[in-house]
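The values are calculated or read from the model by the stated rules, or taken from the named source; none is laboratory data. As the structure is a computational prediction, the values presented were derived from the model and not from experiment. Here the Cβ positions follow ideal geometry from the backbone for every residue, glycine too, while neighbour counts run over all protein chains shown. SASA here: full protein model, heavy atoms, side chains in, ligands and nucleic acids out. Shrake-Rupley method; radii C 1.70, N 1.55, O 1.52, S 1.80 Å.
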4 protein chains.
Amino acid sequence: MSDMREIGVGIIGTGFMGKAHAFAYRAVSGIFPGLPRPVLQAVADIDGAAAERAAGQLGFRNWRTDWRSLVEDPAIGIVSITTPNVMHREMALAAIAAGKHVHCEKPIAPDAGAARDMMMAAEAAGIVTQVGYNYIKNPMLKLARDMVAAGELGDITGFRGIHAEDYMADPETPYSWRCDPSGGGGAIADIGSHIVGMARFLLGPIAEVHADLETVVKSRPVAPGAAERRAVEVDDIARLTVRFARGCGGTIEANWAAIGRKMQLGFELAGTKGSLAYTQERLNELAFYRAGGDIRHGGFVRIESGPAHHPYGLFCVAPGHQLGFNDLKTIEVAEFLEAIAGGERRGPDFREAWEIQKVIDAAIASSRTRSWLRID
Amino acid sequence: MSDMREIGVGIIGTGFMGKAHAFAYRAVSGIFPGLPRPVLQAVADIDGAAAERAAGQLGFRNWRTDWRSLVEDPAIGIVSITTPNVMHREMALAAIAAGKHVHCEKPIAPDAGAARDMMMAAEAAGIVTQVGYNYIKNPMLKLARDMVAAGELGDITGFRGIHAEDYMADPETPYSWRCDPSGGGGAIADIGSHIVGMARFLLGPIAEVHADLETVVKSRPVAPGAAERRAVEVDDIARLTVRFARGCGGTIEANWAAIGRKMQLGFELAGTKGSLAYTQERLNELAFYRAGGDIRHGGFVRIESGPAHHPYGLFCVAPGHQLGFNDLKTIEVAEFLEAIAGGERRGPDFREAWEIQKVIDAAIASSRTRSWLRID
Amino acid sequence: MSDMREIGVGIIGTGFMGKAHAFAYRAVSGIFPGLPRPVLQAVADIDGAAAERAAGQLGFRNWRTDWRSLVEDPAIGIVSITTPNVMHREMALAAIAAGKHVHCEKPIAPDAGAARDMMMAAEAAGIVTQVGYNYIKNPMLKLARDMVAAGELGDITGFRGIHAEDYMADPETPYSWRCDPSGGGGAIADIGSHIVGMARFLLGPIAEVHADLETVVKSRPVAPGAAERRAVEVDDIARLTVRFARGCGGTIEANWAAIGRKMQLGFELAGTKGSLAYTQERLNELAFYRAGGDIRHGGFVRIESGPAHHPYGLFCVAPGHQLGFNDLKTIEVAEFLEAIAGGERRGPDFREAWEIQKVIDAAIASSRTRSWLRID
Amino acid sequence: MSDMREIGVGIIGTGFMGKAHAFAYRAVSGIFPGLPRPVLQAVADIDGAAAERAAGQLGFRNWRTDWRSLVEDPAIGIVSITTPNVMHREMALAAIAAGKHVHCEKPIAPDAGAARDMMMAAEAAGIVTQVGYNYIKNPMLKLARDMVAAGELGDITGFRGIHAEDYMADPETPYSWRCDPSGGGGAIADIGSHIVGMARFLLGPIAEVHADLETVVKSRPVAPGAAERRAVEVDDIARLTVRFARGCGGTIEANWAAIGRKMQLGFELAGTKGSLAYTQERLNELAFYRAGGDIRHGGFVRIESGPAHHPYGLFCVAPGHQLGFNDLKTIEVAEFLEAIAGGERRGPDFREAWEIQKVIDAAIASSRTRSWLRID
């Protein structure tokens, strides 16, 4: 790795993810040794008051309302984009043009075409990109992926993935950018991208998809409490049947109207030698069944996260103490910094985000044509 | 109800299900008051030694190798069919012709055409039929169904059903009648029929289906330990996307190659007012989330079975003591006897079994054509 | 074993346990091969209407209000006592005097002195006794006991046992024989005897006990809805610290005022080579941790009951289908019949019940003196 | 609150807890608005290389090997003590004498006498103290405490607390300061203090204690892999029966030899109106049973942490995303800073730590005398 010691970070957006990024950039050097130290240089928000407040609280050196000035600031080496999806492309292309490394929230674009533009620009510029699929940064997910890759589960025979929450279940939750079809879909884009990404992380490319998308809440108030309502065109629930390039099949569901579910992101996968089951509702656990053992004592093992599962041990030297959501974001940032410093590029980068977007686009198209679609 | 006091029972088959039926017919009158008392009259098996052994142990008055003589025995009022699927039709038609009430294991036939023949004959004869979809006899399932029917969950927005076990996961498990395509399918028929039936029990008719069936184990030994192998044509895994007639969608998976899963029969369903989650792995529990409550104290409630959930209280006056598999079979028998005595016909009867079979047939056809199919 | 083919059974009492016994005696020969076949000969209850109703429904050949005539009936070989605790002694001694084998519900007596009388009489007469500690008949409990005995857990270092329910939590639940101090205690006797028995089953004799007994509900209505209340002297909660003869320590809690708990009967035990955790709330599961394994994949294994855990396979040939409460009672009866036929005497017999009673008596005395007590 | 803007922090010790403190002081201002901003001023360790490495990685302005110079540094307003227990008293007294606010790891002293000295000095000096009982900073624990305090559970009838881990289970784990009786006990001090503190946090003072302490591993190697062994005198397992001043009873177990348990810190408590169950193994969940509801739909509710449970929402605006161990430490630091700035003093402070220590001392004494002991 290079001997870079510090790197300036500029974050665009001060919402849920803006704060999560700031937390992670602030925390990372106390946890991961040997990385460039991020300096919280600037934060941008079109709402100046929000930008100023965020700068004060999160500890940025300065703030602006103009994201372009942030992107071009020579003190900044990393641009972090946490705005709504439709704005990612323009911001990322500007940041890439300015030679910055880009950290972008997911999904990176409303469609695969835009994602491809971003990927092409990034690769041409040679900068490092990182996309916020933080759930796969969980050491338990790395363990799962490593077990699949090492053949510990044999030939994989099936995958069942789900990402269900209920944040859009209430018909009185107002229309927002998440409901705008120009943003590239509803649940399938917003959280489907997570579970599609997780499926790819574990099992590799998806070759073919069949989907059924459904809008449960047909209209929403134009604003909180408004009498006027606007028709919703994007999906609340997406049900995918998939074929992975490696040969096995699976199903994937994305659902933001699943009453009662706050973070049901998980999967069950089986192979000829074993099975895994995971849910983000208990993110420090992974259930593992090994075939062929002593059936009298056999069953699913509840593996608890601990120092045996890197990089858990950097957060805590004792097992069972548990990581939280913000810690996963910190791992994402650490891996991004490692790549920037010349180390391994673990992604997911813009290319991977483009691949995920192709699956989402194919799912939307499949649901319209009611037929299987190949993903090139 | 009629004042019938006793009814002779003849069981064909002495395997897993033959024994389960005998257990249930023996147990039922000690548990359920006021029903005709079953008399274990005769048992038939082509293997005479098995028949004799079963008669002795299970307490039948006599045994035979010829099932036809059992069907025609005037001392017998109920014929219970527990043989492989392909034999059901002939046996059931003979029993119906002899005026017997018929209790048949599931699926009742290899295809919807045969199931329809059986249903038509039964309805013409006016006899009572019962099909062995015992899992829906669980008081927790009745609770779930009643909650849906009473609107306690609002409008249902989605269903996710699964029946996964691993009894055919091992490639060395030999070829059997379960692998024979003339029997009407593999996992989709053998256990898929359970979860399809459960979906219908909870939410009513399925209007449309899309399926992807997959054979994981391509060949099996012709006999235990044999070197010679036979190609397998039926599915090990079936992945269905469905549309219910009531308007909502869902997914259903049947999988008999799911390493580690012994009885993962369950579902999650959500409505606009609440959600339910169930797995047969913990058959005395039902998880319920009620929307709109106090979020500080809210969450999924783990309902434990008890006397509040009829007919649990007939088995045990105290909650939490738990029912087992054989108890579910006993409830099935009790409801059959109640219908025979002139009470409510709760089924599932041959008509319902025919409806289930149509979904299975459509799933198989859908997978071949790779397209959605309507179920008439 | 002897070639006894049938044996007459007389049951005294028609409540919860009377019915459970009848169910088990009826079911047992369909499940367990080669045992004497129980014939439900007679049922007795001081309430003649209850006796007649039970006889009709449960299938007894006759009924009486006079338990003595039942005990002396030459057609009866087994007397089953399911009445309140204070009546057990007289009935059991009469049955023993009449040469009957005796099946008695727990606890067998209000104190160790009475239990000793019963044990002495039974041993002198040479008849077989069985006490209704049915929970330890669970195949998962046998597995646990066998693992301890085989040293699979190493030297046991600690035990934590609990039996908590809430059937007496409501202060409006009326005073009953369970509250009567002449019956030998409250929760410690009624359910404490189960967890004390389970502790002994797993780990052997308890050498020393320290207890703190507490009455939470100080008075109860003399009858349902009555304004008049009666002071309660027995314990609602008993907290024991114990020392086992094998050297390790432990704690045991009995609690019938544990709001929300329906059947929290369970334990956690650890040894130098492994640990077990169990709760009756999920009676078909046992959690097992094996020390010294691969920590990356290690953790507690959720063992599910199946044919590998005898006698599960007699109930069902497939794993995961689950036993229920009544099945445990059936296993108890099967083992009793096996002992009567000359096979192994697995108990718990009156001697074991006396040993359990000594622990209960010592706990009560310890709480009064607030000191450790040795159990001789 | 005062308008203090920044405060210098000096941490003594660079082990597990030193790092956790640094993480929390670094993270806190990005999460909690309006608090004085901690500046990581200095770190001290007798091992200079460790101190230098920690300073570099954790971002301290300077480092030393002499803790006294840190304590006296005028740039430092907070002294954080994360060294072995026996060193706390001297360091804390020096820091107090220098007018610093003191953050000290638990237990603060080897015995109640030393803890009392520290408490007296702190109160005389008027500085703010904070002790590292971080687990009670969990929003789920605050919820539990608030529910108890608000009477939502009625009169509390019993408490069952446990803190079990297995970090000292292996007999080859070497002798360390944790085994030194001058440090004030083994498991009862090291982790028993957590569960005693949690019991007090929830239910208030413990008036009386009976304990049985046991040493399972009788000797340990003097160093890793050493042949020479040293006798162990402190407890591996402590079993307490307690009486709370509020009137109810309970049990508490501390166990560092519980094979397989990594963080089994939890409790079950019942009142006349409801029950709670918690385990740190799933720290984002709390189970709640409300008495008197509809038994058909009733049961334990699994509450998941979310913004309804302050201060979760400062970490993440969406429920279900989960906090981790380091986040709990951050909340502890936030509350300490709030108190320093003149806000509410929520503790646990040195006085509370002294109260906890009195229970521990009483438990040790009770085990020696084998009798109940009152805590004044």
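On the accessible surface of segment D:6-132, probed at 1.4 Å, how many percent belong to carbon and sulfur atoms?
For segment D:6-132, the apolar C and S fraction of the accessible surface comes to 52 percent.
Report which residues of segment B:264-308 become buried by 50 Å² or more of accessible surface when going from the isolated chain to the complete set of protein chains (1.4 Å probe; DNA, RNA and ligands ignored).
Residues shielded by partner chains are B:Glu281, B:Arg282, B:Tyr289, B:Arg296, B:His297, B:Phe300, B:Val301, B:Arg302, B:Glu304, B:Ala308.
Across segment C:361-376, in residue order, what do the Karplus-derived ³J(HN,Hα) couplings come to in whole Hz, using 6.51 cos²θ - 1.76 cosθ + 1.60 with θ = phi - 60° and x for Gly and Pro?
4, 5, 4, 4, 5, 4, 5, 5, 8, 6, 9, 5, 10, 7, 10, 6
Pick out which of C:Ala24, C:Ala149, C:Ala211 has the largest mean-square fluctuation in a Gaussian network model of chain C, springs linking Cα atoms closer than 10 Å.
C:Ala149
Any residues in segment B:206-243 that have 30 Å² or more less accessible area with all protein chains than in their chain alone, probe 1.4 Å, and which are they?
Those residues are B:His210, B:Asp212, B:Glu214, B:Val216, B:Arg239, B:Thr241, B:Arg243.
Determine the distance separating the Cα centre of segment C:325-373 from the Cα centre of segment D:276-314; give it in Å without decimals.
37 Å
Can you figure out the FRET efficiency of B:Val86 with A:Arg246, using R₀ = 35 Å and their beta-carbon distance, to the nearest 0.05?
The calculated FRET efficiency here is 0.50.
Report, as an integer, the average count of C-beta atoms from other chains found within 10 Å of each Cβ along B:245-254.
Mean partner-chain Cβ count within 10 Å for B:245-254: 3.
How big a patch of accessible area, both sides summed and in Å² to the nearest 100, lies buried between D and C at a 1.4 Å probe?
3100 Å²
So, in nm, how far is label A:Asp47 from label D:Arg230 when the simple model puts each one 7 Å beyond its Cα toward the Cβ?
Modelled inter-label distance: 5.9 nm.
Short version: ³J(HN,Hα) in whole Hz for each residue of segment B:80-90, in order, from phi by Karplus 6.51 cos²θ - 1.76 cosθ + 1.60 (θ = phi - 60°), x for Gly and Pro, what are they?
Each residue's phi maps through the Karplus curve to give 10, 10, 10, 7, x, 3, 5, 8, 4, 4, 4 Hz.
What is the magnitude of the charge dipole of the protein assembly as shown about its Cα centre, with +1 placed on the Cβ of each Lys and Arg, -1 on the Cβ of each Asp and Glu, and no other charges, expressed in debye to the nearest 20?
The calculation lands at about 0 debye.
Name the shape class, rounded, prolate or oblate, that the alpha-carbon gyration tensor gives for chain D, where a ≥ b ≥ c are the square roots of its eigenvalues, rounded holds for a/c under 1.5, and otherwise prolate holds if a/b is larger than b/c and oblate otherwise.
Oblate is the answer for chain D, as a/c is 1.5 or above yet b/c matches or exceeds a/b.
Counting only protein heavy atoms, what percent of the accessible surface of segment A:249-365 is carbon or sulfur at a 1.4 Å probe?
After summing per-atom areas, the C and S share lands at 52 percent.
Students often forget the sequence filter, so: which lysines lie under 20 Å Cα-Cα from B:Lys218 once same-chain residues fewer than 8 apart are removed?
Partners within reach: A:Lys273.
Just to confirm the numbers: A:Pro174, label point 7 angstrom along the Cα-Cβ line, distances to the other copies in nm, shortest first?
Between copies, matching label points for A:Pro174 lie 6.0, 6.4, 7.0 nm apart.
Can you tally the net charge around A:Ile31? Count Lys and Arg as +1, Asp and Glu as -1, for every other residue whose Cβ sits under 15 Å from the Cβ of A:Ile31.
Values: positive: A:Arg26, A:Arg37, A:Lys137, A:Lys329, D:Lys19, D:Arg26, D:Arg53, D:Lys329; negative: A:Asp327, A:Glu332, A:Glu335, A:Glu338, D:Asp327.
That sum, taken over residues with Cβ under 15 Å, equals +3.
So, R0 is 22 Å and r is the distance between the beta-carbons of B:Ser182 and B:Ala365; what FRET efficiency does that work out to, to 0.05?
So, using R0 = 22 Å, E works out to roughly 0.85.
If you roll a 1.4 Å probe over the heavy atoms of the protein chains, what accessible area per residue do you get for chain D, in Å²?
32 Å²
How big is the gap, in Å, between the Cα center of segment D:205-259 and the Cα center of segment D:123-176?
16 Å
Put the label 7 Å from Cα along Cα→Cβ for B:Val222; what are its distances to the other copies, in nanometres, shortest first?
Those label-point separations list as 7.4, 7.6, 8.4 nm.
State whether segment C:206-301 is rounded, prolate or oblate according to the following rule on the C-alpha gyration tensor (a ≥ b ≥ c being the square roots of its eigenvalues): a/c under 1.5 gives rounded; otherwise a/b larger than b/c gives prolate, and the remaining case gives oblate. Working shown, then result.
Working: a/c = 4.78, a/b = 2.01, b/c = 2.37.
Judged from the Cα gyration tensor, segment C:206-301 comes out oblate (a/c at least 1.5, b/c at or above a/b).
Mind listing, in residue-number order, the residues in segment D:317-359 that have at least 20 Å² less accessible area with every protein chain present than in their own chain alone (1.4 Å probe)?
D:Val317, D:Pro319, D:Gly320, D:His321, D:Gln322, D:Gly324, D:Phe325, D:Asn326, D:Asp327
Per 10 Å bin, what percent of the C-alpha pairs of segment C:161-202 does each bin hold, from zero upward?
Whole-percent P(r) values from 0 Å outward: 27, 50, 21, 3.
Per the helix-only calculation at 222 nm, which mean residue ellipticity applies to the protein assembly as shown, given -39500 (n - 2.57) for every DSSP H run of n ≥ 4 and division by its residues, nearest 500 deg cm²/dmol?
-10000 deg cm²/dmol
Checking the a/c ratio against 1.5 first, then a/b against b/c, what shape does the Cα gyration tensor give for the protein assembly as shown?
Here the protein assembly as shown falls in the oblate category.
Counting alpha carbon pairs within less than 8 Å and at least 6 residues apart, what relative contact order, in whole percent, applies to chain B?
So the answer I get is 20 percent.
If you build a Gaussian network model of chain B, linking Cα atoms that sit under 10 Å apart, which residue out of B:Ile156, B:Ile11, B:Ile46 swings the most?
Its mean-square fluctuation being the largest, the pick is B:Ile46.
Could you tell me which trypsin sites (Lys or Arg not before Pro) in segment D:1-108 are loop residues by DSSP with no more than 11 other beta carbons within 10 angstrom of their beta carbon?
Counting only loop positions with at most 11 other Cβ atoms within 10 Å, the trypsin sites (Lys or Arg not before Pro) in segment D:1-108 are D:Arg5.
Report relative contact order for segment C:185-241 in percent, whole number only (criteria: Cα-Cα under 8 Å, sequence separation at least 6).
Once divided by the residue count of segment C:185-241, the mean separation gives 45 percent.
Using modelled backbone amide H atoms (1.01 Å from N, in-plane), which distant-in-sequence or interchain residues come within less than 5 Å of C:Thr157's amide H?
Those lying under 5 Å, H to H, from C:Thr157 are C:Ala270, C:Gly271, C:Thr272.
Report, in debye and to the nearest 20, how large the dipole of segment C:269-376 comes out about its Cα centre when Lys and Arg carry +1 and Asp and Glu carry -1 on their Cβ.
In debye, rounded to 20, segment C:269-376 gives about 520.
Among B:Gly183, B:Gly299, B:Gly192, which one shows the highest mean-square fluctuation when chain B is modelled as a Gaussian network with alpha-carbon springs under 10 Å?
The residue with the greatest mean-square fluctuation here is B:Gly299.
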